[in-house]
1. Given B:G357, B:G350, B:G313, which one is surrounded by fewer than 21 Cβ atoms within 10 Å (Cβ to Cβ), touching a residue at least 40 places away in the same chain (Cβ under 8 Å) and either hydroxyl-bearing (S, T, Y) or farther than 25 Å from B:L232 by Cβ (or both)?
2. Within region A:40-60, can you find the residues that are in a loop (DSSP other than H, G, I, E, B) and touching a Leu at 6+ places or on another chain (Cβ under 8 Å)?
3. Starting from residues that are of a type in the set (S, T, Y) and open to solvent by 20 Å² or more (accessible area, probe 1.4 Å), keep the ones in region B:370-406 and report whichever is nearest to B:T342 (Cα to Cα).
4. Going through region A:51-69 one residue at a time, which ones are under 9 Å from the mean Cα position of the chain (by Cα), surrounded by fewer than 21 Cβ atoms within 10 Å (Cβ to Cβ) and more than 9 Å from every other protein chain (Cβ to nearest Cβ)?
5. I need the helices (runs of 4 or more DSSP H) fully contained in region B:88-173, keeping only those with at least 1 residues that are over 26 Å from B:T198 (Cβ atoms).
6. Given the residues A:G43, A:G4, which is the only one that is farther than 23 Å from B:P387 by Cα, open to solvent by less than 20 Å² (accessible area, probe 1.4 Å) and not charged (D, E, K, R)?
7. Here's a check for you: in region B:127-150, which residue that is modelled with pLDDT under 90 and open to solvent by 20 Å² or more (accessible area, probe 1.4 Å) is nearest to the other protein chains (Cβ to nearest Cβ)?
8. If you check B:L276, B:L266, B:L304, which single one turns out to be open to solvent by 50 Å² or more (accessible area, probe 1.4 Å) and not in a loop (DSSP other than H, G, I, E, B)?
Amino acid sequence: VRCGWCTDHCPARLNVAALNDAFELGDIAFADRAGALACVECGLCSYVCPARLPLSQRVRRLKRNLFQLRHRARKEKAS
Amino acid sequence: MTRGEKLTTAPASHKRQRFFPIESPYLHAPETARTVYTITFLAACVPVLAGLVFFGWAAAIVAVLSVGTCVIVERIFYRVARTPALLGRSHAYLTGILLAATLPPFVPWYVPVIAGAFAIILGKAIFGGVGHFLWQPALVGRLAVAVMFPVLLTPQTWPLLGQTQLVRGDIHQAREPETYRRWARAEPPGDADAFALTRPIDVLKRLYDAEEPAFSGIAYVPGELDRAPPTLTDALPPIHDLLYGARPGAIGETCAVLILVAGLYLIYRNYVTGHLPVAMLAGAALVAAIAPVHLAGPEGQGRLIWHPFFHEGVAVGLVFVLYHLLSGGMLLAAFFLAPEMTSRPVTRGGQVLFGLGCGAAAMLLRIYTTLPIPTYTAVLAMNTLTPTIDALWRPRVMGQKWYERFLLLRPRPRADADAE
């Protein structure tokens, strides 16, 4: 419900609401800009979320996608 | 442990569960969106109940119609549209009571019905329901009826029940009293149940009229006995009338003490961040303190006073600013309408910006325009800017330099390709 409690509690000071938007829109560049890789996967955002959104799971997927993209770019540069 | 079962509730199962199996964390905080909305609804009932006391059963009818319309329209819409209404009902109750709080008590039955339908359909449902709308739905409904019935909703005089007719009096039988100083000792003229009074916000607005300055000063100051008698505080009710709510206005916006108590409870529950109401009231107070006023000089000519806060001493200035904050819907907007969870910015700094903008814009609109609902229009206008504020004021992510959060368009160059 965009209450912002996830952002209040995040130890990495991420804007988790923006990361959730990035997941729903499928916008990887936006997730990178919002600092998805700084996530430490503590799960506090999922714990406090009053709408029970799977926030930490979604950020985990964003991180995985980012790592995959980066790995692919590195491989292309090497070849 | 009695709360144990609640704490370990698994996330709601839906179709995505197949693709996203349950992952950690397995615990959830006991507070859900439904409890948030229910408790906010109960808190918003408190000022509306005060309105029922001061405006009688007509206000109760408006409140019941408004809440009922919101709930029924919500149900019908999601039945017709065949989309799941997540958390819809508790939020519909909240929208209905907030809408009732912003409506005048004397409106006929179709006004809250139309406003409720607009609030739910245009304000909430077409955006995708709770959590997705851009403008506060109750204010969308209020704006819709303010545009549709401009004459009906903004009369010259607004009714207020006399103290012998509280709760049971008829608000429609109002008559203008010849002299009205304060509510506590006054009786409505004749056999009328209610006074017909000018709202304090309309009286205050005459200060800013350049053509015909209506007042010779803000307050009576000892030592300036020769001044022409009509001052601003002569035309306004005493300030404790405004504090306990004996002033004409919309149903839920009059009783300042109860709005403050309910709002402080919301802050205590962490549903509202304290920054936002404080910033909004501070922005409004700042504009009220420095906006130039027009006073009538000794010979009747107008003179421009640049800082009304310092013009007659700080004590009078404080009372003047307090009159501005307590009149109109400023307190209701600061504690209930602007901090609506979905339509406010997420971060603390963004909320401070949002609140300052709301307060300043509300005061400017109130002073310099003839809009019927200046405060609510200002909140709606700032709701429009919420995504911009969210993009502007981002929290400093761990590992970033302090200045990097202000680099708006250029993201921090990540070490993808040039890492090697």
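1. Working: B:G350 fails: surrounded by fewer than 21 Cβ atoms within 10 Å (Cβ to Cβ); B:G313 fails: either hydroxyl-bearing (S, T, Y) or farther than 25 Å from B:L232 by Cβ (or both).
Residue meeting the stated conditions: B:G357.
2. Of all residues in region A:40-60, those in a loop (DSSP other than H, G, I, E, B) come to A:40-43, A:49-54.
Once the filter is applied, which keeps residues that are in a loop (DSSP other than H, G, I, E, B) and touching a Leu at 6+ places or on another chain (Cβ under 8 Å), region A:40-60 yields A:C49, A:A51.
3. Of region B:370-406, the ones of a type in the set (S, T, Y) are B:370, B:375-377, B:384, B:386, B:388, B:403.
After this cut, where a residue has to be open to solvent by 20 Å² or more (accessible area, probe 1.4 Å) as well, the list is B:370, B:377, B:384, B:388, B:403.
Numbers: B:T370: 29, B:T377: 17, B:T384: 12, B:T388: 14, B:Y403: 28 Å.
Ranking the qualifying residues of region B:370-406, first place goes to B:T384.
4. A:K63
5. Numbers: elements: B:88-102, B:110-117, B:137-148, B:150-153.
The qualifying helices (runs of 4 or more DSSP H) are B:88-102, B:110-117, B:137-148.
6. On the way: A:G4 fails: farther than 23 Å from B:P387 by Cα.
Within the list A:G43, A:G4, the selection yields A:G43.
7. B:V130
8. Values: B:L276 fails: open to solvent by 50 Å² or more (accessible area, probe 1.4 Å); B:L266 fails: open to solvent by 50 Å² or more (accessible area, probe 1.4 Å).
From the options B:L276, B:L266, B:L304, the qualifying one is B:L304.
The values are calculated or read from the model by the stated rules, or taken from the named source; none is laboratory data. What you see is a predicted model, and the numbers here were worked out from it, not measured in a lab. Reconstructed Cβ throughout: ideal geometry from the backbone, glycine too, with neighbour counts over all protein chains shown. Just the protein is used for accessible areas: all its heavy atoms, side chains included, with ligands, DNA and RNA removed. Shrake-Rupley method; radii C 1.70, N 1.55, O 1.52, S 1.80 Å.
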